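Asker: Pasting in a structure now, in structure tokens, and then I'll have a few things to ask.
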């Protein structure tokens, strides 16, 4: 990817390496399957913006680091499993943020569609289905 033009965080991740450099990564349908399976190895943090239209159909967990979630628009509710209990946190104003701790299982309920910024240590991310 060219480094001399602006880009959209909706379809490009920024990968900040543990060494302090940054690179742009195109988001493809194969990106997360490759990262979760170990085919793609990325230390450091991934930064992206996701447009949230509907509730997450799965739980996710990041075993290698914390995740910063920042509401940019809309309204969502995070459901987090931590220390054997369920926490619920509504984010309703732009700029409100939440930290998913390493090992927290979490998912999102969308009350009003909008955008969220994520800063994630994505490598090793695990998913599991939401029980009906």
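The values are calculated or read from the model by the stated rules, or taken from the named source; none is laboratory data. Every value quoted in this text rests on a predicted model; they were computed, and no experiment measured them. When we count neighbours, we look across all protein chains shown, and the Cβ atoms used for this are built from the backbone with ideal geometry, even at glycine.
Asker: Of all residues in region 58-80, which are closer than 24 Å to residue 8 by Cβ and not in a strand (DSSP E or B)?
Answerer: 62, 72, 73, 74
Asker: May I ask you to verify whether residue 10 is within 13 Å of the chain's Cα centre (by Cα), surrounded by fewer than 12 Cβ atoms within 10 Å (Cβ to Cβ), under 16 Å from residue 115 (Cβ atoms) and touching a residue at least 12 places away in the same chain (Cβ under 8 Å)?
Answerer: So residue 10 fits the description; yes.
Asker: When region 89-132 is examined, which residues are found to be on the phi < 0 side of the Ramachandran plot, assigned to a loop (DSSP other than H, G, I, E, B) and touching a residue at least 40 places away in the same chain (Cβ under 8 Å)?
Answerer: Selection gives 102, 104, 113, 121, 122, 123, 125, 130.
Asker: Now a separate question. (1) out of contact with any strand residue (DSSP E or B) (no Cβ under 7 Å at 6 or more places or on another chain); (2) surrounded by fewer than 15 Cβ atoms within 10 Å (Cβ to Cβ); (3) at negative phi: which one isn't true of residue 51, the others all being true?
Answerer: Here residue 51 meets the rest and fails (1).
Asker: Answer yes or no as to whether residue 20 is loosely packed, with under 11 Cβ neighbours inside 10 Å, over 18 Å from residue 125 (Cβ atoms) and modelled with pLDDT under 90.
Answerer: Taking the combined requirement at face value, the residue satisfies it.
Okay, residues lined up against (1) farther than 22 Å from residue 17 by Cβ; (2) modelled with pLDDT of 95 or more; (3) out of contact with any strand residue (DSSP E or B) (no Cβ under 7 Å at 6 or more places or on another chain); (4) surrounded by 14 or more Cβ atoms within 10 Å (Cβ to Cβ):
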residue: 37; (1), (2), (3), (4): no, no, yes, no
residue: 41; (1), (2), (3), (4): no, no, yes, no
residue: 55; (1), (2), (3), (4): yes, yes, no, yes
residue: 69; (1), (2), (3), (4): no, yes, no, yes
residue: 81; (1), (2), (3), (4): yes, yes, no, yes
residue: 107; (1), (2), (3), (4): yes, yes, no, yes
residue: 128; (1), (2), (3), (4): yes, no, no, no
residue: 131; (1), (2), (3), (4): yes, no, yes, no
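Asker: Looking for whichever is in contact with a helix residue (DSSP H, G or I) (Cβ under 9 Å, 6 or more places away or on another chain), surrounded by 10 or more Cβ atoms within 10 Å (Cβ to Cβ) and touching a residue at least 40 places away in the same chain (Cβ under 8 Å) here; the options are 46, 25. Which one fits?
Answerer: From the options 46, 25, the qualifying one is 46.
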